[in-house]
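Here's the structure we're looking at; comments come further down.
The values are calculated or read from the model by the stated rules, or taken from the named source; none is laboratory data. Keep in mind that this is a model prediction, so the values were computed, not measured. Positions of Cβ are backbone-derived with ideal geometry, glycine not excepted, and every protein chain shown enters the neighbour counts.
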Ligand code: EZ4
Ligand code: CO
């Protein structure tokens, strides 16, 4: 079998997605997600101009070799644009191989290690009372784990809180919007949110929280310490991770579990964090981390240090990445939890899929490959629209991490 053609489908059914379709000379095809929120067309051009021409005629079963060809063969390594493009090819080939062998991708990754993939949902509110209500609502829907975010008093448009009662979706059409931030106000507020939550929802539900890279290491240490009585499942992205050693300071001060990695594009972004056991959960995604091939290696390395996975699963990862994460999470031994931020009805229509949610767990389904398709006619009705993530400034106007 040979790769006969490959093409891109760029669409915007409520938000932008870049999809790669690889077709073989036997007519079997595989789908890969190449979406990089706010930089979509850079990845599309990388694939179109520099990758697709190299794929034609290759053996689609040689996934490892094609991965190395695109990674080492480019000479220039790493970075989210490159790694998302490689991931799109890699995931499309795993999907295609599953279809060709008539088996779900989880069987190609070692087979089931569990019956379902524990997921967490996003709860949010403009204040504590609304956030409590939102957590309770998700528990009623069956979620066993819920991420809680609430508006910080005195901070305009806090991270994780929608502007007008709609489901939270950070990317907005047009140029980047601006939000304000105060670490001081947040640090005083966050423990009160979780104190209230534990009183209202009890001890059993897993509570998670996303700091979104906004604190310094010592501030994050203070937050982790102040949240200890409420035994969070994890504190996410407490500080930026370019300097991996920053996490040592947090680790030295608190037993609140730490998760990071949603912006990582390479195993090497996690190397020191994992081998020093400074984190508990690695949140690299299949699309931005270089595909299933790359994630499997990062997860296997993490397993040696008892670090588990907690893959990013926001709406900017298409249903193809969601499916890939579910196959991966069902198969690997050191799976921790999977983020689940449901897509809109329209997105789900453009990407019909076999995965499902029941009683706190998701399952990828048992269709051959990943079990996701794309309705290209419907997708064509929703062309790309420029959209960006917001930026954040401190109260004095200084640009800070969003
Ligand atoms: O802000 O995916 O844990 N989830 C997150 C996400 C990210 C967006 C960025 O595009 O932090 O909501
Ligand atoms: Co996050």
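Right, residue 147: within 22 Å of the chain's Cα centre (by Cα), assigned to a loop (DSSP other than H, G, I, E, B) and assigned by TED's automatic domain parsing to the domain that holds residue 360 or not?
No: the conditions fail for residue 147.
Checking residue 300 against (1) surrounded by fewer than 24 Cβ atoms within 10 Å (Cβ to Cβ); (2) closer than 21 Å to residue 85 by Cα, which single condition isn't satisfied?
So residue 300 meets the others, but not (2).
Of all residues in the range 366-390, which are out of contact with any helix residue (DSSP H, G or I) (no Cβ under 8 Å at 6 or more places or on another chain) and within 25 Å of residue 310 (Cα to Cα)? Before the answer, list the steps.
Taking the range 366-390 as the starting set, the residues that turn out to be out of contact with any helix residue (DSSP H, G or I) (no Cβ under 8 Å at 6 or more places or on another chain) are 366-367, 373, 376-377, 380-381, 383, 385-390.
Answer for the range 366-390, where residues must be out of contact with any helix residue (DSSP H, G or I) (no Cβ under 8 Å at 6 or more places or on another chain) and within 25 Å of residue 310 (Cα to Cα): 366, 367, 373, 388, 389, 390.
Which ones in the range 314-337 are surrounded by fewer than 24 Cβ atoms within 10 Å (Cβ to Cβ) and touching a strand residue (DSSP E or B) at 6+ places or on another chain (Cβ under 8 Å)?
314, 332, 334, 335, 336
Residue 307 fails exactly one of the following numbered conditions: (1) closer than 20 Å to residue 254 by Cβ; (2) within 16 Å of ligand 1 (Cβ to nearest atom). What is the number of that condition?
Failing condition for residue 307: (2).
Got a sec? Which of 259, 299 is outside any loop (DSSP other than H, G, I, E, B), out of contact with any helix residue (DSSP H, G or I) (no Cβ under 7 Å at 6 or more places or on another chain), more than 17 Å from residue 318 (Cα to Cα) and within 16 Å of ligand 1 (Cβ to nearest atom)? Write out each step before concluding.
Working: 299 fails: within 16 Å of ligand 1 (Cβ to nearest atom).
Result of the check over 259, 299: 259.
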